[in-house]
Structure formats: C-alpha cells, structure tokens
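> Below is the structure I would like to discuss, written out as structure tokens.
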Amino acid sequence: MIEIEIIQGDITKLTVDAIVNAANCSLLGGGGVDGAIHRAAGPELLRACIPLNGCETVAFPAISCGVYGYPWEAATEIAVKSVREFPAQKVKKVIFCCFGEEMEKLYREKVGSRR
Ligand code: AR6
C-alpha cells in the first residue's frame, strides 16, 4: 500500500522524486502552482530527471482547486481515492502538499489522519 503524508507548504521546496503539476495544455507554465513549479524547475533540473528510472516519492498539489475552481470536497475525495486505488509498484509514498489550513483539513478528513 502507498504511504500517504499530508503537509502544508510550498510544493517547490520539497525534496521528492517527482511533483505533479496542475498544467495547462501549452505546458509553458501559467499562474498558481504551475507557474511556481516552472520558476523553481529550470532546464537543468528538468534535464536531470530524464534518466530517472521511476519515482518512489511523489508530491501532489491540490490539483484543480485553484483557478480551475473544482469543488474542494469532491476534489480531495477523488485525489485520495485515486492514490489508494493506484497499484503500488515503484511509488512508495505520496505527499499531498496543501497551500493552507482548510485544504489540509479536508485531506486529513479524507485520509483519516490526524496531525
Ligand atoms: N505549493 C503548493 N500548492 C500551491 C502552490 C505552491 N507553491 N501554489 C498554489 N498552490 P492552481 P488549478 C495551490 O490555480 O486550479 C495554472 O495556471 C493552490 O492554492 O495553480 O489546478 C495552470 O497553468 C490550489 O489549492 O491550479 C492551469 O491552467 C492548488 O495549488 C490551471 O492553473 C491548485 O491551484 C490549473 O488550475
């Protein structure tokens, strides 16, 4: 089973194998978390990821919960369910990185974890 950790903070500051981006179809980086990731991950870092053979620790922002406006309650439920149903192979740990207390609380409710 994949271990789930919930934290509050800036996803670009985490030391993980991969971060999942809330991207737009141009993949050029926009505002929000996408812009933050593009500013933090320069071409050098992206090149360094090419030979990586799989990722053990993956961090997720609260995808779709910003400008996209998806309802937080449903979004957090779907995110946790999707990770729990994902077949544990190489990925050992998922971190839900929340930008604020309210989002952290929702994720903790869905995962059933206390601080
Ligand atoms: N670390 C962690 N979470 C963050 C950070 C950060 N540095 N910055 C923002 N968030 P959003 P979306 C949270 O709007 O709704 C982009 O422009 C934020 O508070 O970035 O999926 C793309 O280009 C919110 O809870 O993404 C797409 O076009 C969550 O990350 C579009 O927005 C997602 O907010 C995607 O919209």
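Read-outs throughout are calculated quantities, based only on the coordinates presented, and are distinct from any laboratory measurement. Given the structure is predicted, the values throughout are model-derived calculations rather than measurements. Don't worry about glycine lacking a Cβ; one is built from the backbone with ideal geometry, like all the others, and counts go over all protein chains shown.
> Rounded, prolate or oblate: which fits the chain when a ≥ b ≥ c are the square roots of the eigenvalues of the alpha-carbon gyration tensor, with rounded for a/c under 1.5 and prolate only if a/b beats b/c?
It is oblate, given that a/c is not under 1.5 and a/b is not larger than b/c.
> Here's another thing I want to ask about it. All other residues with a Cβ under 11 Å from the Cβ of Thr57 taken together, and with Lys, Arg as +1 and Asp, Glu as -1, what is their net charge?
-1
> Out of Val94, Gly54, Pro71, whose Cα points farthest toward the positive end of the dipole of the chain (charges: +1 Lys, Arg; -1 Asp, Glu; placed on Cβ)?
So the residue we want is Gly54.
> Okay, moving on. Most fluctuating residue of Ile63, Ile37, Ile78 in a GNM of the chain with Cα springs under 10 Å: which is it?
Top of the fluctuation ranking is Ile78.
> How much net charge surrounds Leu14 when only the other residues with a Cβ under 12 Å from the Cβ of Leu14 are counted, with Lys and Arg +1 and Asp and Glu -1?
Value of the local net charge: -1.
> What net charge is computed for the residues neighbouring Lys110, neighbours being all others with C-beta under 12 Å from the C-beta of Lys110, Lys and Arg scored +1, Asp and Glu -1?
Within the 12 Å Cβ shell, the charges total 0.
> Could you give the dipole magnitude of the chain about its Cα centre, charging the beta-carbon of Lys and Arg +1 and that of Asp and Glu -1, in debye to the nearest 20?
220 debye
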